[in-house]
Number of protein chains: 2
Amino acid sequence: MTTQELADAFTALLKAGKFEDAGHAYWSDDIVSMEPMPGDMAMIKGRKAVDAKGAWWYANHEIHSVKVEGPYVHGQQFVIRFTMDVTPKDGARMVMDEMGVYTVQGDKIVEERFFFGS
Amino acid sequence: MTTQELADAFTALLKAGKFEDAGHAYWSDDIVSMEPMPGDMAMIKGRKAVDAKGAWWYANHEIHSVKVEGPYVHGQQFVIRFTMDVTPKDGARMVMDEMGVYTVQGDKIVEERFFFGS
């Protein structure tokens, strides 16, 4: 599978709202997930921990809509843009605008790195 | 200078249409510029060569408009989205939708890597 093919298939699942299915299908068991903030979420390693991070996120945010743009491909990496209208638990509704940069090895995503717009 | 500060200043120049000024101000002398295609443009090294690549590009494309979105920051990297309405010399007018992922070291951009949407 080329990076383009994997990126297209992964992004199609995201565009269909199947975020958990996308991860389950294409994450490596050794997936590393990196967020641009200090603390516990800065770097999460392994499918189980990344699954738990996702479960925490879905439990703590009400998602009103998500716009997924991409993929944008270069070599073994691709970029997806997410524009999310969400209300965090105990927080105010907001639009999150972020980029995910994904690195592929052996037909699996081994790293996802998120970048926040300001 | 933090990555956010450099990214903000670099992006502000791009949003003002000052593409060459942005490069001159923030590229490292050892800048590496990578495009997602095989051939001579795949990897260009050094400010002089990257300048020449830019000059070639501007000479061979008529730019009708450029939309610059970002920056999106994570650690020493940031992402900018470019949506360009251009007509290549001897080609048909088209919209190019691409992402640039920039890597910063010592207050300079040492790598720019472009990702194409499809």
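Bridges between two residues of chain B, per DSSP, are antiparallel at a rate of about 90%.
Would you mind getting the Kirkwood hydrodynamic radius of region A:23-65 from its Cα pairs, rounded to one decimal in Å? So the Kirkwood estimate lands at 11.2 Å.
On the basis of the beta-carbon distance and an R0 of 41 Å, residue A:37 and residue B:60 show a calculated FRET efficiency of 0.50.
With a cut-off of 12 Å between beta carbons, the residues surrounding residue B:114 carry a summed charge of -2, where Lys and Arg count +1 and Asp and Glu -1.
Applying 1/(1 + (r/R0)^6) with R0 = 45 Å to the Cβ-Cβ distance of residue A:12 and residue B:51 gives a FRET efficiency near 0.70. Counting only residues at least eight positions apart within a chain, or on another chain, the lysines with an alpha carbon under 16 Å from that of residue B:108 are B:45, B:48. By DSSP, the beta bridges lying fully in the protein assembly as shown are antiparallel in about 90 percent of cases. Out of every Cα-Cα pair in chain A, what percent are more than 20 Å apart? That fraction is 40 percent.
Peptide A:93-101 shows a mean partner chain C-beta count of 3 within 10 Å per residue C-beta. Overall, the anisotropy analysis places the protein assembly as shown in the prolate class: the square-rooted eigenvalues a ≥ b ≥ c of its C-alpha gyration tensor yield a/c not less than 1.5, with a/b exceeding b/c.
Basic side chains Lys and Arg get +1 at the Cβ, acidic Asp and Glu get -1 at the Cβ, and with that the dipole of the protein assembly as shown about its Cα centre reaches some 100 debye.
The numbers here are math on the coordinates, done by the rules we state, and not lab data. Because the structure is a prediction, the values reported are computed rather than measured. No Cβ is skipped: glycine too gets one built from the backbone with ideal geometry, and neighbour counts run over all protein chains shown.
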